Amino acid sequence: MTVLQADHPEIAREFGLIRDESGIREAIIEGNAASSGDTRKDARNLWLCVVVVAGAMLLVWPFANIAYGDDFGYADVALKLAQTGHFVYNGWEFAMILSHAIWGALFIHVFGFSFQCLRFSTIPFALGAVALCYLLVRRTGLKPPQAFFVTLLLGLSPLFLPLSVTYMTDIPCLFFTLASLYALARAAEDGAHSRGYFWLALGAAVGVVGGTGRQVVWLVPLAVLPYLAWIRRRQPWFAIASVCAWVLVASGVSGITAWANRQPYIAQQLSVPGELRLALKQPLWEINITARLALMLLFVILPAALPLLLRAWTDTWRGARLRQILVGILFLALILAIFVHPSLASIPWLNSMFNWEGINGSAPLFGRPIVLTKPIRALVALTVYGSACILAGELLGFRRLARRAWGFLSAPPDSQFALAAMSLFSAVYFVLLAIRGAEIDLFDRYLLPMIPWAATVLLLWFEAENRGAEQLRRRAMPLAWAILAVLGAYAVLSTQDFWSLARARVAATQRLEAAGIPRTSIDAGLEYNGWTQLLATGRMNDRWVKNPPGAYHSEFGVTPDVVPFYRLEYRPTAESAPTEFGSVPYFSFLPPFRKQVSIDRIVAR
């Protein structure tokens, strides 16, 4: 009643909630005060989120002149663009990286080339994505404390923080995705006013530009613009403008894609229809990969799921017999599955940030110590499995949920179009991910664009059923913050571990190079070897390269010019022996705290 009085005093008066003009004036004053208070809270929360994430990025100390993951390939394209003015692929790019390389080339022109310079070019996108996440989820109906929680859940996520200090395309992709969604949500709210057309054009333009870096961003305008036109069909000129914007976006996407496919040495995949046909031929694998995606997504948003999880457990324990039977059967099936396949009681379901040895697994260093030990992996896996079983009880009312979801999506309130647009994008994106898993390896970092939406939906789902919500929230949120802190701590510690190792690898390779050992004789991990290959020939030997014909040689690995006689590893193995170059010690926040990079000679292949 108070909210109605404050926000809509005229409606409140009509229903008898305010009976005189003085009451209307008081309600208006109260509403303005509440709005002003929320604005101050939003500004404070937004900047606090940015500062906390920036502090975490500084704490990991990402200073080492070596590539991260795949960004040696992107760095090569940006460097050649800066040097020659020409855009040249090298066989290692699934992403189109047009805007990405242009942005990197600008930084190279200003600051000179280094991997550190290119990593710093990503920081504005990382902090901008944090700010946009807060602004966007606030427009879904979340209150300031909840939006603050979701934003930190993203910014301190082990999927976000390690990538925020790299030249990978994932963070700029996330920034442009959130920016396009935010602009189109504002367009829906303002409608057929001049501001509405401005936000419409901005959302379409940002989506197109962002997609030239990583094509995923194109899904936002391609999926949301027709939906926006249908929702605003009673405003014909605005609906027509939305359709026209979609036609322009689709034409631009088609033209840019055709240009990219003609470029030599770009990694080419099947089209979406081709991937769909491949997926239909292996349904069991599609079920497998869909389950893996869903489990990993639940894991990274588990803090946001906790209030709903606690209520679902209470409803199951005290609820209908059918619900108890369903959840019980799921638990029994889980126990049986783990008994038959013990490997199921372990993460990761998808590789990359949650590998046993830490970020990117053993790719940076052969014999890298295990970070996520078996007890930790089992605890995490069983927690996520158990949570999924309990939450499954909520799906007993599937028809009711489906009707509510359809009713919301068919006519979303102006103030919650952001949630509808995020839902549409996330659904399409998840389906395309699952289909793509039939052809290529999927990594957990691909789930980044879905984190704000999934966390928001779970919190709003909890709020929708107001059965003791305040009491449950008071019980659940301290534990939710604790789990978020654990995930954030892992993100900081594992990222610091990676960059400490990176600095040791740089020192070790410099020691070898100073002794006259050529780079092509050194195995220092994928990032170093990939850059060596590009320096040697400018091309990677990748099986996805179809143009020019014969560019890929199946008898060689991805770096055929690297024939190592020396290898960096944690300690010598049966294939290697210590050398006069010794080892490079380094300190990590993760145990064992004192580690080393051993410079060994390969004696057996």
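When +1 charges are put on Lys and Arg Cβ atoms and -1 charges on Asp and Glu Cβ atoms, the dipole computed for the range 272-465 relative to its Cα centre reaches about 440 debye. Maximal additional length on extending the R601-R400 stretch stands at 65.8 nm, based on 0.36 nm per residue less the C-alpha distance.
Sorted ascending by nearby beta carbons within 10 Å, beginning with the fewest, E394, E470, E513, E569 become E470, E513, E394, E569.
Find how many whole Å separate the alpha carbon centroid of the range 429-458 from the alpha carbon centroid of the range 111-131. Centre-to-centre (Cα) distance: 24 Å. The convex hull defined by the C-alpha atoms of the range 495-602 has an orientation-averaged projected area of 8.0 nm². The value obtained for the chain, namely the Cα convex hull volume divided by the number of residues, is 180 Å³ per residue.
Under the rule of -39500 (n - 2.57) per DSSP H run of 4 or more residues, summed and divided by the residues of the chain, what mean residue ellipticity at 222 nm is obtained, to the nearest 500 deg cm²/dmol?
-21000 deg cm²/dmol, from helical runs alone.
At a 10 Å Cβ-Cβ cut-off, how would you order C173, C244, fewest neighbours first?
Listing C173, C244 from fewest to most nearby Cβ atoms yields C244, C173.
For the range 528-591, the convex hull drawn through the C-alpha positions has a volume of 160 cubic angstrom per residue. Which whole-percent values make up P(r) of the range 63-262 when all C-alpha to C-alpha distances are grouped in 10 Å steps starting at zero? P(r) over the range 63-262, rounded to whole percents: 9, 32, 32, 21, 6, 0.
Using Cβ point charges alone (K and R +1, D and E -1), the dipole size of the chain about the Cα centre works out to roughly 860 debye. Fewest-first ordering of I325, I435, I376 by other beta carbons within 10 Å of each residue's beta carbon gives I325, I376, I435.
Values quoted throughout were computed directly from the atomic coordinates according to the rules given, and no laboratory measurement underlies them. As the structure is a computational prediction, the values presented were derived from the model and not from experiment. All Cβ positions, glycine included, derive from the backbone under ideal geometry; neighbour counts span all protein chains shown.
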